[in-house]
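Heads up, the thing below is written out as structure tokens.
The values are calculated or read from the model by the stated rules, or taken from the named source; none is laboratory data. As the structure is a computational prediction, the values presented were derived from the model and not from experiment. As a convention, Cβ positions derive from the backbone with ideal geometry for all residues, glycine included, and neighbour counts pool all protein chains shown. Note: areas computed on protein heavy atoms with side chains; ligands, DNA, RNA excluded. Shrake-Rupley method; radii C 1.70, N 1.55, O 1.52, S 1.80 Å.
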Amino acid sequence: MASLQLHLLPLSTGPCLPSSRFRRSLVRSSTERQALFNRIAPVYDNLNDLLSLGQHRIWKRMAVSWSGAKKGDSVLDLCCGSGDLAFLLSEKVGSSGKVIGLDFSKEQLSVASSRQKLMSKAFYTNIEWVEGDAIDLPFSDGHFDAITMGYGLRNVVDKQKAMQEMYRVSKAGSRVSILDFNKSTNPVIAFTQELMIDNVVVPVASGFGLAEDYKYLKSSIREFLTGKEMEELALDVGFSNARYYEIGGSLMGNLVATR
């Protein structure tokens, strides 16, 4: 069984979505959520590697591949964090392409920018880091050839609005690839996730002084969307096709939606 990867943390607060299928409970304010991501930024990458035994790198490559990004494309990585998916996208689009990494955490963007400066590959200069909100994107309609979102949708205040924004800024025929924890309808998988959070994730996070922050992870998965609900959400906002893939021993999932 794959190890759990720790990318998305406690739930955020915000307006409920119009449909009861996509409604979530209110746990934390946006300000608290932003402070949390700023606080964990220095240890974010180390925790990801430790908790997933490095497997998050495989899942992210899969997400980028599913996005369909290619040489010369203009692409967007939402909730980019420290930049893992943005760097992978940069390799795909090359020097003739453009990558925008957007996040609401200044500290995470600072880490991403520092990593970019340390990279030796010339095409990484095609990445621009933007501080912004996934539910109010500062881009024109039909701007991007591909969009990725790694471990971000579950913590967005309004998931439907975020999906609408991705639809708005993507070009006709382009793809959106969204990687996150899988909310399994299989009780064995769900039990395994919670067992690992209680006995692996929280104890490891406690070594970094973040135990209280990561205790919310279990409830956030419970209140997240199932794969079927994610497909329905994508179709509801206008995407022509949506398919959800369970990966990582069904502990993770990836939605692929075509504009």
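Quick notes
- Gyration tensor verdict on region 115-189 (Cα atoms; rounded if a/c is under 1.5, prolate if a/b is larger than b/c, oblate otherwise): oblate
- Within region 111-129, backbone nitrogen closer than 20 Å to the virtual label 7 Å beyond the Cα of E91 toward Cβ: 112-129
- The aspartates and glutamates within cross-link reach of K161, meaning a Cα-to-Cα straight distance under 13 Å and a gap of 8 or more places when in the same chain, are D133, D136, D236.
- Computed from backbone phi, the HN-Hα couplings of region 237-252 come to 8, x, 4, 7, 8, 8, 9, 10, 10, 8, 9, x, x, 6, 7, 10 Hz, rounded to whole numbers (Karplus: 6.51 cos²θ - 1.76 cosθ + 1.60, θ = phi - 60°; Gly and Pro given as x).
- Cα gyration tensor shape for region 101-259, rounded if a/c is under 1.5, else prolate or oblate: oblate
- Accessible surface of region 56-163 [probe 1.4 Å, protein heavy atoms]: carbon and sulfur percent: 51
- Amide H contacts of E128: V99, I100, G101, each under 5 Å away and 5 or more positions distant or on a separate chain (H built 1.01 Å from N in the peptide plane; Pro and chain starts excluded).
- Solvent exposure of region 50-155 as accessible area per residue, Å², 1.4 Å probe: 40
- For the cross-link pairs K60/K171; K121/K218; K70/K106, the ones whose C-alpha atoms lie over 30 Å apart are K121/K218.
- The phi-based Karplus calculation (6.51 cos²θ - 1.76 cosθ + 1.60; θ = phi - 60°) puts the 3J(HN,Hα) values of region 194-205 at 5, 4, 5, 5, 5, 9, 10, 4, 5, x, 5, 4 Hz, whole numbers, x for Gly and Pro.
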